[in-house]
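Asker: I'd like to ask you about the structure that follows.
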Amino acid sequence: MPTLIANYRMAFMPNTTHLARILKGLEDLYYVLLLTTDSALGGRGETWRGWLELGFHVNTRTPPPGLPVTDRVRSFFDHGDGRHLRWSLESRRADVLGEVRAVLDAVEAARRRLCSREAPDRVQMLHSDVEINGRLLQPLRGALELSGCGQEYPRFEAAMDRALTSLTAVPIVEAGITIT
């Protein structure tokens, strides 16, 4: 099964909350990109509204309701030696994993420029990044509008902001993203 592997080298071992936020952020990225690239799934307002009802808490590990089992992602974390960490996303949807990789590559390129900035500044600058905006934020807004859930964009944007913040945090020194 196709697997996205995100290897992170850290300056120091992040706390448990940050580790969980990265995993949740990766999962949320996957599901947003799934729903924005597959119009049959993303065009259903009940899927987006059901996801909102579940919420975006870091401990909520349930996929958006109504997704076929074949479209769900399985996620794994390996803490390695504490400074070399690995997150893996496994899915039958290699196309979506490719989109996740493209967004993560763009986030990593931006992270190098933004690492000295505070979280709100990083998020604002990530929003203006052409690649991140074009692959993630604009398609999210468009899919929500088409599904009749456009008014909920700020809530989904906030979830994506948490993901982007966790993926650009200070302890990250370097990230390498591959798909096997």
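Asker: Would you be able to say whether some residue in segment 150-160 is farther than 22 Å from His57 by Cβ, surrounded by fewer than 18 Cβ atoms within 10 Å (Cβ to Cβ), at pLDDT 95 or above and not small (Gly, Ala, Ser)?
Answerer: no
Asker: Then there is this: Restricting attention to segment 101-118, which residues are of a type outside the set (Lys, Arg), over 16 Å from the mean Cα position of the chain (by Cα) and part of a helix (DSSP H, G or I)?
Answerer: If the condition is that a residue be of a type outside the set (Lys, Arg), over 16 Å from the mean Cα position of the chain (by Cα) and part of a helix (DSSP H, G or I), then Leu114 is the only one that fits.
Asker: Let me ask something else about it. Name the single residue that is farthest from Ala169 (Cα to Cα) among those in segment 8-44 being charged (D, E, K, R) and out of contact with any helix residue (DSSP H, G or I) (no Cβ under 6 Å at 6 or more places or on another chain).
Answerer: In this case the residue turns out to be Arg44.
Asker: If you don't mind, another one. Would you pick out the residues in segment 135-163 that are under 15 Å from the mean Cα position of the chain (by Cα) and either closer than 20 Å to Ser88 by Cβ or among the polar types (S, T, N, Q) (or both)?
Answerer: Gln138, Ala163
Asker: Show the residue pairs meeting these rules: Cβ distance below 8 Å; 6+ apart or different chains; first residue within segment 115-137 and within 10 Å of Leu164 (Cβ to Cβ) and acidic (Asp, Glu); second residue crowded, with 19+ Cβ neighbours inside 10 Å and modelled with pLDDT of 90 or more.
Answerer: Qualifying pairs under 8 Å: Asp129/Ala106; Asp129/Ala110.
Asker: Are there any pairs with C-beta distances below 6 angstrom linking a residue in segment 156-176 that is within 17 Å of Leu85 (Cα to Cα) to a residue that is surrounded by fewer than 19 Cβ atoms within 10 Å (Cβ to Cβ) and of a type in the set (D, E, K, R), with the two at least 6 apart or on different chains, and if so which?
Answerer: Taking only residues 6 or more apart or on different chains, the pairs are Val173/Arg9; Glu174/Arg9; Ala175/Glu108.
Asker: Restricting attention to strands (runs of 3 or more DSSP E) lying wholly within segment 1-99, give those where 2 or more residues are touching a residue at least 12 places away in the same chain (Cβ under 8 Å), closer than 22 Å to Arg135 by Cβ and over 13 Å from the mean Cα position of the chain (by Cα).
Answerer: 3-10
Asker: Could I ask something else about it? If you check Val123, Val103, which single one turns out to be at pLDDT 95 or above, out of contact with any Phe, Trp or Tyr (no Cβ under 6 Å at 6 or more places or on another chain), under 17 Å from Ile22 (Cα atoms) and surrounded by 18 or more Cβ atoms within 10 Å (Cβ to Cβ)?
Answerer: Every option except Val103 fails the conditions.
Asker: Let me ask another. Please determine whether any residue of segment 4-19 is buried (at least 20 other Cβ atoms within 10 Å of the Cβ) and in contact with a Phe, Trp or Tyr (Cβ under 6 Å, 6 or more places away or on another chain).
Answerer: Yes, that holds for at least one residue.
Asker: Inside segment 43-59, can you point out the residues that are more than 16 Å from Glu152 (Cα to Cα) and surrounded by 13 or more Cβ atoms within 10 Å (Cβ to Cβ)?
Answerer: Listed by number, the list holds a single entry, Val58.
Asker: Just checking, how many residues over segment 134-149 are within 21 Å of Glu108 (Cβ to Cβ) and surrounded by 16 or more Cβ atoms within 10 Å (Cβ to Cβ)?
Answerer: Residues flagged as within 21 Å of Glu108 (Cβ to Cβ) and surrounded by 16 or more Cβ atoms within 10 Å (Cβ to Cβ) within segment 134-149 amount to 5.
The values are calculated or read from the model by the stated rules, or taken from the named source; none is laboratory data. Keep in mind it's a predicted model, so treat the numbers as computed, not measured. Neighbour counts are summed over all protein chains in view; Cβ atoms, including those assigned to glycine, are modelled from backbone coordinates with ideal geometry.
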